[in-house]
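> Just passing along the structure, written as structure tokens.
The values are calculated or read from the model by the stated rules, or taken from the named source; none is laboratory data. Computed from a predicted structure; not experimentally measured. Cβ placement follows ideal geometry from the backbone for every residue including glycine, while neighbour counts extend to all protein chains displayed. Just so you know, the surface numbers come from the protein's heavy atoms only, side chains and all, with ligands and any DNA or RNA stripped out. Shrake-Rupley method; radii C 1.70, N 1.55, O 1.52, S 1.80 Å.
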Amino acid sequence: MSVLLEARHISHRFGRTLALDDVSLTLRRHEILAIVGESGSGKTTLLNMLSGRLTPQSGDILYYDGHAATSLRVRGERAVRTLQRARWGYVAQDPRAALRLDISAGGNIGARLMASGARNYDDIRAMAARWLEAVEIDVDRLDDWPRTFSGGMLQRLQIAATLVTDPELVFMDEPTGGLDVSVQARILDLIRSLVRRLGLAVVIVTHDIGVARLLADRLIVMRRGCIVEHGLTDQVLDDPQHPYTQLLVASVLPV
Amino acid sequence: MRVMVAADGLAKSFVLHLQGGVRLDVLRDVGLTVMAGECVVLAGRSGAGKSTLLRMLYGNYRADDGRILIRHNETMVDLTQATTEQIIAVRHYSLGYVSQFLRAIPRVPSLDIVAETLLRRGVDLAQARRQAAAMLERLGIGPRLHSLPPATFSGGEQQRVNLARTFVAPWPVLLLDEPTASLDAANRDEVVRLINEVKDAGAAVIGILHDISSRERIADRTMTLTPLTNPSTSLESV
Amino acid sequence: MQGYNFAYLDETTKRMIRRAILKAVAIPGHQVPFASREMPLPYGWGTGGIQLTASLIGADDVLKVIDQGADDTTNAISIRSFFARTAGVRTTTHTDAATLIQTRHRIPEIPLRDDQIIVYQVPMPEPLYRLEPSRAVSRRMHAMADYGPMHVKLYEDITRFGRVAVSYDHPVVVNRRYLMSPSPIPAFDNPKLHRMPALQLFGAGREKRIYAVPPHTDVVSLDFEDRPFNPIRAPHRCALCGAEHSYLDEMVIDDRGGRMFACSDTDYCASYQAREA
């Protein structure tokens, strides 16, 4: 399968802290790539750069659409925003920050459609209802405000609001963080089945090794702004080479 | 006869960084060749590296040295050199693996766990579920359990879901890690029948089986591994 | 008047404002910042409009000022007399006699001509301000034409109330590019913005912004294909002149719930009455 996104020699500093130190990676179409590491390892910074929310101080992010690979820097902010509105998606850890709580569930799902130019009220509404169903929320809730939703429902709503434009690439930042274990399982199952059905490529940042194992084809382990190990998910987790990865794997509580 | 698996010069050691960088040598210069329709059982004391070898053959453990050729789409792919993408493709179509324990996303129904193997190959959902249901029933998991996630099942039932997940699709090469442990006699017989059917269909089978009666009914050959002497301590199946 | 420059503002300030106007005309619908001056009346009383008028007006101009369509309300009268005293210009209440019209919250009923200029007083120039608290973010949204959130608001209105709930200051897209607040004119007046022959200028004194719609420019009210923009008008005739198609004000006339509907445009109403008589 062909390459979709590529990071080349990304480095970035926040003040005196080196947040990313010469990071390179590739993501292929339909592939799920997990980035794991402790907080402060640079994984979220890397995600923000891959998704065009942050511009690296040095290095390049290339996105391959069709045949040509073009750097985000060269595409420019406007083109990147257009990508972010439809062909890319971003699922944040806290749905309350990503959704608009004073807008109905349907309005939240329809937002990306409207941002991409949809102008037919009935079509937008029908699409929103379909997606509400797809994430297992009762269609009766279409006109309800999300502030009446539980944490798990909010996260599912955010997923619906992200996938409604049929993106080819979705970035996820700890999508199951902060949720009850039972709710986590449901979100994981939902993500897994939607990803398969829609043929998405996903970059998922998580500190939860279990999430990475269940969802990801490939794994990147980060520490102090560097990639210390990468490879097939099960290979990295079952046969970790780097001392830090061994520590990470050994620190997981047995189920 | 077609060669399905050809491995040689395999070496594997583990460096335990959390234990002061202790180095454990597990395999040195190991090789095996398995033909279509042949079943090789790995034998040897615990700690001899049977599981390690099996996992290397699946690409789960990285080899320090040597090569592992697996027949995939009429070519031999070297797992030690293959890209992750190639390994994933080989695993989807050519290299089946039954692990000792079932690992699945919580909440996913047993039927869908089994059907997944076929869905990955592009079989449509209805067809995949039909085949999955048939295989589950063959292994004694009735329709009543199909819609339930296996988390609440007994150990034996979970293992049978695990077996169904692999046996639902044909494989040129099949790796089995204690497939009959935790099964009762009747189910054990069924698994032996399944393995023999797979062999008759031309698959190469490599397995670890402690259960001697099953072993005798499927094995064409036994390959015995001997533990390497390590300076510090021996390790129970790393 | 002694001690004041023509039309109150000094010439340097007028030049600064004219530059902003030229830029605004060049980028229809785009909000151009300007160094809004202290005026001898408080913000909210039309300081933006007055500064625009002051920098445009010449000795030959004829000025009309309306507030909610009326020539005879306090704000309209005081601004009119302000320019009569500081510039010595002629003033009028007749729309067709005016060369320059300053307005608050209405567009006159009779169509304007290409030899006229209309100046709107604007309290809040930013159409996105209810949706996006950060001005920096909303400016980026304009730069990227990122106007989805505005449609989300319309979606919500239709979902909650069955129709778009705002009946004034309904957002428009100018020249197929910039989202613009038409100032708090009734939605009824929005169609008059579209391809108007007169130059339309908008001034917000407190917010220090000027924007413009050049003559004959496309101005489209935001809507959905299947829920087209459909402004409402009170279904009555004017109680004074009998006009059927003008915008009406509703007035309570007694303590028993009695109501009267009359033209909001007083000049239109008067001329209609004269014609009918």
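> If you count the DSSP beta bridges with both ends in the protein assembly as shown, what percent of them are antiparallel, to the nearest 5?
55
> Using a 1.4 Å probe on the protein chains only, how many percent of the accessible area of the range A:176-255 belongs to carbon and sulfur?
Ligands and nucleic acids excluded, carbon and sulfur reach 56 percent.
> Which percent of the accessible area of the range A:94-166 is formed by carbon and sulfur heavy atoms (probe 1.4 angstrom)?
Roughly 48 percent, rounded to a whole number.
> Okay, moving on. Pop out the carbon and sulfur fraction of the accessible area of the range B:3-225 as a percent, whole number, probe 1.4 Å.
Answer for the range B:3-225: carbon and sulfur cover 50 percent of the accessible area.
> Also, I was wondering about something else. Average partner chain C-beta neighbours within 10 Å, per residue of A:196-203?
Mean number of neighbouring Cβ atoms from other chains: 1.
> Given DSSP loops and a limit of at most 16 other Cβ atoms within 10 Å, what is the longest stretch of chain A that contains no such GluC sites (Glu not before Pro)?
Here the longest segment lacking exposed loop sites spans A:137-255.
> Please list, short to long, the whole-number percent of alpha-carbon pairs of chain A in consecutive 10 angstrom bins beginning at zero.
7, 30, 35, 22, 6, 0
> If you don't mind, there's one more thing I want to ask. Taking every DSSP beta bridge with both residues inside chain A, roughly what % is antiparallel (nearest 5)?
So the antiparallel bridges amount to about 55 percent of the total.
> How do A:C226, C:C269 stack up against each other in accessible area, from largest to smallest, with a 1.4 angstrom probe?
A:C226, C:C269
> So, one more: Taking a point 7 angstrom from the Cα of C:D115 along the C-beta vector, which residues in the range C:41-74 have backbone N less than 18 Å away?
C:57-64
> Which far-off residues, 5 or more places away or on another chain, put their amide H under 5 Å from the one on B:L148, with H placed in the peptide plane?
B:S110, B:L111
> How much of the DSSP bridge set in the range B:3-225 is antiparallel, in percent, rounded to the nearest 5?
55
> Taking chain A as the reference, fit the longest principal axis to its C-alpha atoms, fit the long axis of helix A:121-134 to the helix C-alpha atoms, and give the angle between the two in degrees, 0 to 90, nearest 10.
50
> If you take the accessible area of A alone plus B alone and subtract the pair, what total do you get in square angstrom, rounded to 100, with a 1.4 Å probe?
2400
> Rounded to the nearest 100 Å², what is the sum over both chains of accessible area buried where C meets A, with a probe of 1.4 Å?
Buried area (both sides, nearest 100 Å²): 2100 Å².
> Anything over 27 Å Cα to Cα? Flag those among C:K64/C:K153; A:K43/B:K12; C:K14/C:K153; C:K64/C:K192; C:K64/C:K208; B:K50/B:K199, in the order listed.
Those over the limit are C:K64/C:K153; A:K43/B:K12; C:K14/C:K153.
> Looking at the range A:14-78, which trypsin sites (Lys or Arg not before Pro) are in a loop (DSSP not H, G, I, E or B) and have at most 11 other Cβ atoms within 10 Å?
Sites meeting the loop and neighbour criteria: A:R16.
> Now for a different question. Can you tell me the 0 to 90 degree angle between the C-alpha axis of helix A:105-115 and the longest principal axis of chain A, rounded to 10?
It works out to around 70 degrees.
> Averaged over its residues, how many other protein chain Cβ atoms are within 10 Å of peptide A:116-125's Cβ atoms?
Shielding by partners across A:116-125 averages 5.
> May I ask for the angle, rounded to the nearest 10°, between helix A:181-198 and the longest principal axis of chain A, with both axes built from Cα atoms and the value confined to 0 to 90°?
For helix A:181-198, the angle is close to 80 degrees.
> Could I ask something else about it? Assign unit charges at the C-beta atoms only (+1 for Lys and Arg, -1 for Asp and Glu), then state the dipole size of the protein assembly as shown relative to its Cα centre in Debye, rounded to the nearest 20.
My answer is approximately 1100 debye.
> Could you order peptides C:62-73, B:137-148 by the average number of other Cβ atoms within 10 Å of their residues, highest first?
Sorting C:62-73, B:137-148 by mean packing, highest first, produces C:62-73, B:137-148.
> Just counting partner chain Cβ atoms within 10 Å, what average do the residues of peptide A:92-103 show around their Cβ?
Other-chain Cβ atoms within 10 Å of each residue's Cβ, averaged: 1.
> Right, another one. Keeping all protein chains in place, calculate the accessible area per residue for the protein assembly as shown (probe 1.4 angstrom), answer in Å².
44
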